[in-house]
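Comments concern the structure below.
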Amino acid sequence: MKGIIVQELEERIQKEGIVKPGNVLKVDAFLNHQCDCALFDAMGAAWAQHFQNTQINKILTIESSGIGIACVAARHFGNIPVVFAKKAQSINLDGDQYVSTVFSFTKQREFPVIVSRKYLSANDHVLILDDFLANGKALQGLIDICNHAGATVAGIGIAIEKGFQGGGDALREAGYDLDSLAIVDAMDPSDGSITFRQA
């Protein structure tokens, strides 16, 4: 089943993805602007299969593109709660919170990520989900928040990993169970070509 989902995701990236200069891959037609919920559901099923023997009681993601993916995927994990880290201080957040600083590859700037202490604790076994993994800075921020909370990072699920930017390899070397559904090893804005890592 998972192989079929990976193939479908790769085909969508090839067909609808747009390669832009600066290692940018636009997939807003189905992933992070307009959302294909049937595809999200299939991705959730694939992650549930990969992590079926892993204790997970909470999903953590980051606003905003990870939220839809995480909420649909949660259905395949028994409708466990989804917590998303906020990228800006909000009057709706109380003062008791975990904060980390991350660098955004997309926006090329640093920003704080914030999770209320009410929603993450040492009792949690967390699956981190996100749409993209490039250099891994956003994920490191979420891992840092889990560490502050004493929570266990049970696994990491990514829709599209840009394998040539090294973030995924570093996380695997650090011992994390990282399941990236599609791994792009090369892309060329001159002709729009995209090369995927073969399993």
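The values are calculated or read from the model by the stated rules, or taken from the named source; none is laboratory data. As the structure is a computational prediction, the values presented were derived from the model and not from experiment. Reconstructed Cβ throughout: ideal geometry from the backbone, glycine too, with neighbour counts over all protein chains shown.
Brief remarks on what is shown
- The requirement of being surrounded by fewer than 19 Cβ atoms within 10 Å (Cβ to Cβ), at positive phi and not small (Gly, Ala, Ser) is satisfied by Asn23.
- Evaluating Ser64 against the criteria (1) at pLDDT 95 or above; (2) under 14 Å from the mean Cα position of the chain (by Cα); (3) among the hydroxyl-bearing types (Ser, Thr, Tyr) leaves one unmet condition, (1).
- From the options Ile143, Ile194, Ile160, Ile114, residue that is part of a helix (DSSP H, G or I), in contact (Cβ under 8 Å) with a residue 12 or more places away in the chain and under 27 Å from Val24 (Cβ atoms): Ile143
- Filtering Ala134, Ala151 for residues that are buried (at least 17 other Cβ atoms within 10 Å of the Cβ), in contact with a Phe, Trp or Tyr (Cβ under 6 Å, 6 or more places away or on another chain) and either of a type outside the set (Val, Ile, Thr) or on the phi > 0 side of the Ramachandran plot (or both) leaves a single hit, Ala134.
Yes/no matrix, rows are residues, columns are (1) in contact with a helix residue (DSSP H, G or I) (Cβ under 6 Å, 6 or more places away or on another chain); (2) in contact (Cβ under 8 Å) with a residue 40 or more places away in the chain; (3) crowded, with 16+ Cβ neighbours inside 10 Å:
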position: Gln34; (1), (2), (3): no, no, no
position: Thr54; (1), (2), (3): no, yes, no
position: Ala74; (1), (2), (3): no, no, yes
position: Val83; (1), (2), (3): yes, no, yes
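- Residues that are loosely packed, with under 13 Cβ neighbours inside 10 Å and of a type in the set (A, V, I, L, M, F, W, C), drawn from segment 1-17: Met1, Ile4
- Inter-residue pairs, beta-carbon under 8 Å, first on the phi > 0 side of the Ramachandran plot and in segment 165-184, second outside any strand (DSSP E or B) and buried (at least 20 other Cβ atoms within 10 Å of the Cβ), 6+ apart: Gly166/Gly136
- Only one of the listed residues (Gln165, Gln97, Gln140) is touching a helix residue (DSSP H, G or I) at 6+ places or on another chain (Cβ under 8 Å), surrounded by 15 or more Cβ atoms within 10 Å (Cβ to Cβ) and not charged (D, E, K, R). That residue is Gln97.
- Test: residue in segment 153-160 that is modelled with pLDDT of 95 or more and either more than 17 Å from the chain's Cα centre (by Cα) or of a type in the set (Phe, Trp, Tyr) (or both): no
- Restricting segment 38-90 to residues that are of a type in the set (Ser, Thr, Tyr) and assigned to a loop (DSSP other than H, G, I, E, B), the residue that is farthest from Ile128 (Cα to Cα) is Ser90.
- Residue in segment 74-81 that is of a type in the set (Val, Ile, Thr) and within 16 Å of the chain's Cα centre (by Cα) present: no
- Residues being hydrophobic (A, V, I, L, M, F, W, C) and farther than 18 Å from Phe196 by Cα - total across segment 156-179: 4
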